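The values are calculated or read from the model by the stated rules, or taken from the named source; none is laboratory data. Everything quoted here is computed from the prediction, not taken from an experiment. Remember, those area values only see protein heavy atoms, side chains included, never the ligands or the DNA or RNA. Shrake-Rupley method; radii C 1.70, N 1.55, O 1.52, S 1.80 Å.
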Amino acid sequence: MGALDYVSGIFDFSSSSRSSKKKFKNIKQLQTVEIRVRMDCEGCERKVKKAVEGMKDVVKVEVDRKQWKLTVTGYMDPNKVLKRVRWRTGKKAELWPYVPYNIVAHPYAPGAYDKKAPPGYVRDVTDPAAASIVRASSTEERYTNAFSDDNPNACSVM
């Protein structure tokens, strides 16, 4: 809220000034929601797309049947979109759990690697329980560096 709006709000004694303050608080930001939904045919794709297109504040809907991915752009709550897809289609839906594999430090660790992920993607491991599995500890790094070919002081047992 700018200075001019603040000053005009102070000197405005009409009842409409209070409702204009509420309008500023309820402004939603444009966001993109990615959802994973199983789609086998064009009918499934059409059903999923229609379920979301009718929602209020939806700007754009994209469906990628090959990756089972629904991308919705608009001024809505992500959880409401997820519930709407589940309710209207009757399909199991979840927020998109994958990130490109070059973002993750260890993409082939047990917590991150997923056989069902699309090519070039791995599971997003941001929760602390799974992240401890994915990251190597300092003792593991020390032992692997002890036998590394890049280390000039490494053991030559191998």
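Quick look at the values:
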{"read-out": "Which of Lys69, Lys28 is most accessible, then next, and so on - probe 1.4 Å", "value": "Lys28, Lys69"}
{"read-out": "Surface accessible to a 1.4 Å probe, Asp40 within the full protein complex, Å²", "value": "100 Å²"}
